[in-house]
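Engineer: My questions will all concern the structure given below.
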């Protein structure tokens, strides 16, 4: 009894993805991305995004983010991001390493979102063109956000339009891109290039893959150094076909959508149920597959004793917890958690 | 008809490894290496090496090498390696990136091996302690070498003993470690810590895995920064269990040995057959799973027309070719190639 | 008529320092610091600080700061500093370059000072030992601060004691060290090693030198890599004697103290005079040689028309201005400015 | 009795340069290069080179070289240079730090010169466009060379023309630029932009300045990031006027030419005298201000006992010595050395 809501990273591999890996394991294939699976990825992503795109496979979301930022930003550049952004607080300096020392400017913002006002104010604090200072170069957004919310296409478009006016490029950390797109019912294009995103970290790992991460670039000019950056980061895989095969399985037959829809539905059910309990408050709108909720320590302890796993969330002592649903989250486990919580109340 | 001898990287995944991945795909598991599979790796490698060891999983051999060198060598350090070493010529500057700018000192040496004389002579050219120069910090050996030969335990021990006397640490690039150990019939310990190796890039990918690479450290003191270096390189995998499971399958039931023995035997057969042909000369002793051979352009062209794939090898115009055998190389294909070559002659 | 209060960097060279350079220009001397002047610096600084110290000459304060931080902090480290600190906002990423990518954590604090509460709160936001995050490594203080105030010995000691308990080392950016020491009437030791400072950027440039900057280290163990770091930063000067000679002239006969006392007195006079005017408010206690003052745009414009130069200070539109006094600031110019301001009022 | 021929770095400051510093010390001047002296440098150098140029003052030749290479070369680039080049063996990894990890490819060549054949052969060893390898980006020449010889305009032009055809840019390390130009009687243009040099490290320090080094860029497009790179290297000096003033004094009234002509003449006299002695052999043509000479240990020891200082030169045990003449080398000292040597013979 009990179940894990620790992270979508804790879930296993969706069967179609595992099968695709097995199926790709027939005979030899050229190494380092010259195989048929990897070569077909650009077309696959072009189809997914409705626009020509270049796909650079890498091993982790951290690598995708750091390489994407290095593509947008010189060593003396500054990148504006949310103060809870993965690039700012969870990557042990990978963006700094891969950019050669760029500065992440961490900004506050409700429900995990950057605001235009916040960006404008922060940019105003920089002396653009002054050699004494890091130079503003990019904006990085997380979709879904670190608060489990989702930027609407017009929110991204407003930020991107302003950014481009200011000479800044736009990165989207799509660690939960599918959950976001499904969560607000929009197309992949709507929350990426069509809204002004220049470069994208696209992840399937949290949504049912083994390890499938990519930097997606819409402007070929931007992409021209990426293969060198990737190789020297140690992220060019020799048996690339098995990484590419994951993405093919993920994008065809709408696996990405089905997985995300399930996870999002489970999160919504959790949120609905928990939100009704006395003393419990949902902390942010639940728009993807993460639920942030304030609950008393006694309830949290009771749920854990009942076998349910989830993280306490900062700030320490705030009573905030995070529960994440994944493609493999069982509805029965969600109901069991809600039943236990109701019992406690 | 025909077959690929391009690279052991072109081969697929050994069934026991694929099964281990599938088997690890049961239920949730903590992310980022806190799962049971990853936690059991240190013990697994301790058993393999006959000595306590720490294992740091990473995605590629390039990452393993670069992180290992960064562990041994300050940003102003110098690393002595063979002029054909992977770290020197095939990693697009990954060692330079991860060390923060260390210098690779590329030395010549017959059959892909560094020599003590060569090392002594090169070290003598450095002014140790002089702030104007990069400071000698490490020696990096490839096992098997880039020429397909294998350092004997006493060769490594002699170099390592000298290195340690000089205050240098010793790295072994074990991209084909299993092929080397099997090739000369020695234990993993004999060509690693027992011979004085301080840190090891240990690869299973070329010998039947999907993507299984690790930095192995024998001295816990040396290892203490590695998890930070790995994370900021983007090489900490969220679903670590599926990488760890590959190593468990690889090391138990001697899969590593069986795979390497097969590949080595196929290479030996190739070498024996090719070496008998007129106008063909084996370039280096075939001691692992790679065959370097001089053959006329007409023979090479004929073999390729017959469907056999292999690389020309530098220097350009030398008539040198490389044929690599893998765990999945079929004896029938080897024989077919030899028959075709004989036919041409 | 009129005068510049733009910066102490705008002032010239004190005659004794220029004379010392000329005097050192007799005959040949070994290059790269093996000359008598440079060799005598450690003893000179030991005398100045009352404790053995190692002095590493560099060309600029930015270099001193960045090399000092690189000495305290690994590439994945984090350095806590004030949000207006020079290292954070005025060095175009030099600390990031020289540390290899460390993170500057910029904290607010009244009158330019870090507070223990602010530091504690910020540190609490880090997961120490967690490989996903930059690891807290150091605290950097500016003395005098960017607001022209001076940390008292007990303020530094309290921060340093806490820092050391937490495993953090302490850097002091002494761009205006002499002004600070003279400003509060304490000894050099009182606001450096005796208060717990581990490493110090010591500048004479702003206080009458040509270009005299140094990293001062009290713990020989800390210092051991600095000469390599300095050389690869391009900060080992061939004709080192002419840089060293500046420091000798600066430290002997109390030139440092006389220059700072004059500049501080001029700043105090400015502040006293301006503070009496209607509509004018001194923004921070004037404890060294900088005056931050809120004044109406009309007054600022009038003073500038009268030939007086000074900077507007952020935030833009706040009416804040900075006036800096230097060793060469003439009392007559101060009085002239005050007279003009009074006339305008 | 006796004199130093250790290095031109050991010499003092030429009186006109010291006077220019003193003269610039009148009143305040804007900091960080906005002063009149620094602002006039581009025009000064345009006059010197006969073509528009941008001048970036830095503190040392190492900084100039490393920043110049960082301007030409991406982090995954390769720079071809002579195996004795200062950038390769005497800068403790500064080029690697400032480029972000580029690779210096050190090539042999008689009399300290790169050859077209050597460059062609080395380039042929690179797989251009292949993501696995560092990518050829630049050629770096030293003028005069590390062997005291001077590239003729047509030698530079041949290398530069080839380099440009191959997509490589050309750097000239002009640590002894004046000695070279004077040594072969050509104009500054002849051995720089007119011969195809794209970027230049221009030094006056070895030829009579205190510390006057600059990166000179002929193509404004190339120069656009340099001021950011310089600042984050800590090489933007606050009292820039005193560095700029040195160059003005150096370039006006032909001080550069007079100083170099004297030093070169002294070197020629030394070489002529020493070359006549039995058992002594001049190692390389003496074309600038350095004399490389093979002499018996007994003669070297005798000269040193007689008070003359000079360096033994690698390779150790070869009997090679280096004697360097400077603007302050006295003809009497040269004659005294020659007399002593003759006495010993």
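The values are calculated or read from the model by the stated rules, or taken from the named source; none is laboratory data. Treat the numbers as computed from the prediction; the structure is a model and nothing was measured. Cβ sites come from the backbone with ideal geometry, for glycine too, and all protein chains shown count toward neighbours.
Engineer: Does residue A:137 satisfy the condition of being over 24 Å from residue C:128 (Cβ atoms), without any contact (Cβ under 8 Å) to a residue 40 or more places away in the chain and assigned by TED's automatic domain parsing to the domain that holds residue A:187? Full working, then the answer.
Structural biologist: On the way: over 24 Å from residue C:128 (Cβ atoms): yes; without any contact (Cβ under 8 Å) to a residue 40 or more places away in the chain: no; assigned by TED's automatic domain parsing to the domain that holds residue A:187: yes.
Taking the combined requirement at face value, the residue does not satisfy it.
Engineer: Here is a follow-up. In region B:174-189, how many residues are assigned to a loop (DSSP other than H, G, I, E, B) and on the phi < 0 side of the Ramachandran plot? Spell out how you get there, then give the answer.
Structural biologist: Narrowing region B:174-189 to residues assigned to a loop (DSSP other than H, G, I, E, B): B:175-176, B:185-189.
Then drop every residue that is not on the phi < 0 side of the Ramachandran plot, which leaves B:175-176, B:186-189.
Going through region B:174-189 one residue at a time, the tally reaches 6.
Engineer: May I ask you to list the residues in region B:281-300 that are touching a helix residue (DSSP H, G or I) at 6+ places or on another chain (Cβ under 7 Å) and within 21 Å of residue B:331 (Cα to Cα)?
Structural biologist: Within region B:281-300, B:282, B:285, B:286, B:287, B:288, B:289, B:290, B:291, B:293, B:299 qualify.
Engineer: Read through the list (1) away from chain A (no Cβ under 14 Å); (2) surrounded by fewer than 24 Cβ atoms within 10 Å (Cβ to Cβ); (3) in contact with a strand residue (DSSP E or B) (Cβ under 9 Å, 6 or more places away or on another chain), then give the number of the only condition that residue B:276 fails.
Structural biologist: The single condition residue B:276 does not satisfy is (3).
Engineer: Given C:243, C:218, which one is within 23 Å of residue D:232 (Cβ to Cβ) and more than 13 Å from the chain's Cα centre (by Cα)?
Structural biologist: Step by step, each of C:243, C:218 is checked, and only C:243 is within 23 Å of residue D:232 (Cβ to Cβ) and more than 13 Å from the chain's Cα centre (by Cα).
Engineer: Hey, another quick one. Tell me, please, whether a residue that is within 11 Å of chain C (Cβ to nearest Cβ), part of a helix (DSSP H, G or I) and crowded, with 21+ Cβ neighbours inside 10 Å can be found in region D:24-32.
Structural biologist: Yes, region D:24-32 contains at least one residue that is within 11 Å of chain C (Cβ to nearest Cβ), part of a helix (DSSP H, G or I) and crowded, with 21+ Cβ neighbours inside 10 Å.
Engineer: Further question on the same structure: Of all residues in region D:266-298 being free of Cβ contacts under 8 Å to residues at least 60 places away in the same chain and in a helix (DSSP H, G or I), which is farthest from the chain's Cα centre (by Cα)?
Structural biologist: Among them, the one singled out is D:298.
Engineer: Another one. Kindly indicate whether residue C:210 is in a loop (DSSP other than H, G, I, E, B), touching a helix residue (DSSP H, G or I) at 6+ places or on another chain (Cβ under 7 Å) and either closer than 20 Å to residue C:141 by Cβ or within 13 Å of another protein chain (Cβ to nearest Cβ) (or both).
Structural biologist: Yes; evaluated as a whole, the condition is true for this residue.
Engineer: Filter region A:218-230 for residues that are surrounded by fewer than 23 Cβ atoms within 10 Å (Cβ to Cβ) and touching a residue at least 12 places away in the same chain (Cβ under 8 Å); which is farthest from the other protein chains (Cβ to nearest Cβ)? Step through it out loud before you land on a result.
Structural biologist: Looking only at region A:218-230, we keep the residues that are surrounded by fewer than 23 Cβ atoms within 10 Å (Cβ to Cβ), and these are A:218-227.
Add one more test, that the residue is touching a residue at least 12 places away in the same chain (Cβ under 8 Å), and what stays is A:218-220, A:222-223, A:225-227.
Working: A:218: 21, A:219: 18, A:220: 15, A:222: 15, A:223: 12, A:225: 7, A:226: 9, A:227: 4 Å.
Among residues in region A:218-230 that are surrounded by fewer than 23 Cβ atoms within 10 Å (Cβ to Cβ) and touching a residue at least 12 places away in the same chain (Cβ under 8 Å), the one farthest from the other protein chains (Cβ to nearest Cβ) is A:218.
Engineer: Could you tell me whether residue B:160 is free of Cβ contacts under 8 Å to residues at least 40 places away in the same chain, more than 27 Å from residue A:240 (Cα to Cα) and assigned by TED's automatic domain parsing to the domain that holds residue B:284?
Structural biologist: For residue B:160, the condition - free of Cβ contacts under 8 Å to residues at least 40 places away in the same chain, more than 27 Å from residue A:240 (Cα to Cα) and assigned by TED's automatic domain parsing to the domain that holds residue B:284 - is not met.
Engineer: Okay, next question. Among the numbered conditions (1) within 9 Å of chain D (Cβ to nearest Cβ); (2) on the phi > 0 side of the Ramachandran plot, tell me where residue C:11 comes up short.
Structural biologist: Among (1) within 9 Å of chain D (Cβ to nearest Cβ); (2) on the phi > 0 side of the Ramachandran plot, residue C:11 violates only (2).
Engineer: If we scan region A:93-102, do we find a residue that is under 26 Å from residue A:287 (Cα atoms) and in contact with a helix residue (DSSP H, G or I) (Cβ under 9 Å, 6 or more places away or on another chain)?
Structural biologist: no
Engineer: Ok, one more. In the list B:243, B:237, which residue meets the criterion of being touching a strand residue (DSSP E or B) at 6+ places or on another chain (Cβ under 9 Å), crowded, with 24+ Cβ neighbours inside 10 Å, assigned to a helix (DSSP H, G or I) and within 14 Å of chain A (Cβ to nearest Cβ)?
Structural biologist: B:243
Engineer: May I pose another question? Going by the conditions given, is residue D:196 touching a residue at least 40 places away in the same chain (Cβ under 8 Å) and either surrounded by 24 or more Cβ atoms within 10 Å (Cβ to Cβ) or over 25 Å from residue D:117 (Cα atoms) (or both)?
Structural biologist: no
Engineer: Would you point out which residue out of D:318, D:306 is in contact (Cβ under 8 Å) with a residue 40 or more places away in the chain and more than 14 Å from chain C (Cβ to nearest Cβ)?
Structural biologist: On inspection, the qualifying residue turns out to be D:306.
Engineer: Separate question: Has region D:246-261 got any residue that is away from chain C (no Cβ under 11 Å), at pLDDT 95 or above, in contact with a helix residue (DSSP H, G or I) (Cβ under 9 Å, 6 or more places away or on another chain) and part of a loop (DSSP other than H, G, I, E, B)?
Structural biologist: no
Engineer: So which residues in region A:38-67 are within 12 Å of chain B (Cβ to nearest Cβ) and either in a helix (DSSP H, G or I) or at pLDDT below 95 (or both)? Before the answer, list the steps.
Structural biologist: First pass over region A:38-67, keeping only residues within 12 Å of chain B (Cβ to nearest Cβ): A:57-67.
Of everything in region A:38-67, those that are within 12 Å of chain B (Cβ to nearest Cβ) and either in a helix (DSSP H, G or I) or at pLDDT below 95 (or both) turn out to be A:61, A:62, A:63, A:64, A:65, A:66, A:67.
For (1) surrounded by 24 or more Cβ atoms within 10 Å (Cβ to Cβ); (2) closer than 28 Å to residue B:67 by Cβ, each residue gets a yes or a no:
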position: C:52; (1), (2): no, no
position: C:63; (1), (2): yes, no
position: C:72; (1), (2): no, yes
position: C:86; (1), (2): no, no
position: C:90; (1), (2): no, no
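So that you can scan it fast, the table gives a plain yes or no per residue for (1) within 12 Å of chain A (Cβ to nearest Cβ); (2) at pLDDT below 95; (3) in contact with a strand residue (DSSP E or B) (Cβ under 9 Å, 6 or more places away or on another chain); (4) not in a loop (DSSP other than H, G, I, E, B):
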position	(1), (2), (3), (4)
C:96	yes, no, yes, yes
C:118	no, no, yes, yes
C:146	no, no, yes, no
C:160	no, no, yes, yes
C:191	no, no, yes, no
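Engineer: Sticking with this structure for a sec: All but one of (1) away from chain A (no Cβ under 14 Å); (2) without any contact (Cβ under 8 Å) to a residue 24 or more places away in the chain hold for residue C:312, so report the exception by its number.
Structural biologist: (1)
Engineer: Exactly one of these conditions fails for residue D:203: (1) in contact with a strand residue (DSSP E or B) (Cβ under 6 Å, 6 or more places away or on another chain); (2) more than 14 Å from chain C (Cβ to nearest Cβ). Give me its number.
Structural biologist: Single failed check for residue D:203: (2).
Engineer: For region C:68-86: of the residues being in a loop (DSSP other than H, G, I, E, B) and either over 15 Å from the mean Cα position of the chain (by Cα) or within 30 Å of residue B:227 (Cα to Cα) (or both), which is nearest to the other protein chains (Cβ to nearest Cβ)?
Structural biologist: Restricting to residues being in a loop (DSSP other than H, G, I, E, B) and either over 15 Å from the mean Cα position of the chain (by Cα) or within 30 Å of residue B:227 (Cα to Cα) (or both), the top hit is C:76.
Engineer: Taking the conditions exactly as written (assigned to a helix (DSSP H, G or I) and either within 22 Å of the chain's Cα centre (by Cα) or crowded, with 22+ Cβ neighbours inside 10 Å (or both)), does residue A:20 satisfy them or not? Quick ask: steps written out before the conclusion?
Structural biologist: Details: assigned to a helix (DSSP H, G or I): yes; either within 22 Å of the chain's Cα centre (by Cα) or crowded, with 22+ Cβ neighbours inside 10 Å (or both): yes.
Judged against the criteria, residue A:20 is a match.
Engineer: Please work out if residue D:329 is surrounded by 22 or more Cβ atoms within 10 Å (Cβ to Cβ) and not assigned by TED's automatic domain parsing to the domain that holds residue D:184. Lay out the reasoning, then the answer.
Structural biologist: Numbers: surrounded by 22 or more Cβ atoms within 10 Å (Cβ to Cβ): yes; not assigned by TED's automatic domain parsing to the domain that holds residue D:184: yes.
Considered against the rule, which asks whether it is surrounded by 22 or more Cβ atoms within 10 Å (Cβ to Cβ) and not assigned by TED's automatic domain parsing to the domain that holds residue D:184, residue D:329 comes out as yes.
Engineer: How many residues does region A:124-144 hold that are outside any loop (DSSP other than H, G, I, E, B) and within 12 Å of another protein chain (Cβ to nearest Cβ)?
Structural biologist: 3
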